[in-house]
Amino acid sequence: MKVLIALIIAAAIGYLLGSLNFSIIVVQLVRGKDIRTMGSRNAGLTNTYRCCGPACAGLTLLGDVLKGVVAVALARVIAGWLKVGFLPDNDVHYIGYIAALFAIIGHIFPVYYGFKGGKGVLVGAASFLALDWRVFIALLAIFAVILALSKYVSLSSIMATAYGPLAVFMMSLIVNGSSFGRSFLYLLLSLPMAALIIWMHRTNIERLLNNTETKFSFSSKFAD
């Protein structure tokens, strides 16, 4: 019963925090506009940068990183308090993946904004700062290398996301020395996160295949 309560609380925390889309909040406060009506109409970091510049993008980055970290941290604290972790060390690491998944769902389908949000890349990546910072560094490195080579943010996000579950498994099994079963559980819990983010990039995948996807540039002109 306690496990079910912890899972429900983790899902609720993740979803409600994830629904706080800082791209929408920042652009509305700074520009008085709805980012979902600008550029690609995606309420995410890349579109915010392209349409509103580095200041708005920086604030969006900070907010979306914090909500992912806080969601995972709060869920783990509550699960630890309820003592619903793996014995004998009361490991509540698994509950963080539930909070992270629902933070992504909240970001994509935010209850506060008519269920129209972003693609979940940033909040998903930020969650790993609390889940396992080494996985976060690995995914960030993959993203940066592919972006430098291809100049496609979408391709970089998709490739880093696809590698995520494998990185989770390897870090848990090899680096942390966890059992195969526990490491495999973390891999399974991370799969829906990766699948959802990749699915949200389906139109980007189509444009990449058609060679019509827009490349990223720091010299992009910002909307007035």
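The values are calculated or read from the model by the stated rules, or taken from the named source; none is laboratory data. Bear in mind that the values here come from a model prediction, so they are computed numbers and not experimental data. Methodologically, a virtual Cβ is constructed for each residue, glycine included, from the backbone with ideal geometry; neighbour enumeration extends over all protein chains shown. For accessibility, only protein heavy atoms count, side chains too; no ligands or nucleic acids. Shrake-Rupley method; radii C 1.70, N 1.55, O 1.52, S 1.80 Å.
Tabulated data
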| item | result |
| --- | --- |
| Counted charge near GLY68, where neighbours are those whose Cβ lies closer than 15 Å (Asp, Glu -1; Lys, Arg +1) | +1 |
| Rounded to whole Å, sorted largest first: equivalent-ellipsoid semi-axes of the range 154-218, Cα gyration tensor | 31, 12, 7 |
| Tilt relative to the chain, helix 54-82 - C-alpha long axis, 0 to 90 degrees, to 10 | 10 degrees |
| Percentage, to the nearest whole number, of Cα pairs in the range 1-145 over 25 Å apart | 30 percent |
| Crossing angle, helix 133-150 versus the chain [Cα axis fit, 0-90 degrees, rounded to tens] | 30 degrees |
| Pairwise centroid distance, computed over Cα atoms, of the range 62-122 with the range 11-40, Å | 18 Å |
| The chain: angle of helix 93-108 to the longest principal axis, Cα-based, in degrees nearest 10 | 30 degrees |
| Taking the chain and dividing mean pair separation by its residue count, relative contact order in percent (alpha carbons under 8 Å, at least six apart) | 22 percent |
| In Å², nearest 10: area of VAL77 left accessible to a 1.4 Å probe | 100 Å² |
| Additional length obtainable on full extension of the chain from ASN210 to ILE8, 0.36 nm per residue less Cα span | 68.5 nm |
| Residue with peak Gaussian network fluctuation, the chain [Cα springs, cutoff 10 Å], from SER172, SER154, SER19 | SER172 |
| Loop sites in the range 74-170: chymotrypsin sites (Phe, Trp or Tyr not before Pro), DSSP, at most 11 other Cβ within 10 Å | PHE115 |
| Per-peptide average of other Cβ atoms within 10 Å, ordering 22-28, 174-180 highest first | 22-28, 174-180 |
| Accessible area in square angstrom per residue, the range 1-92, 1.4 angstrom probe | 49 Å² |
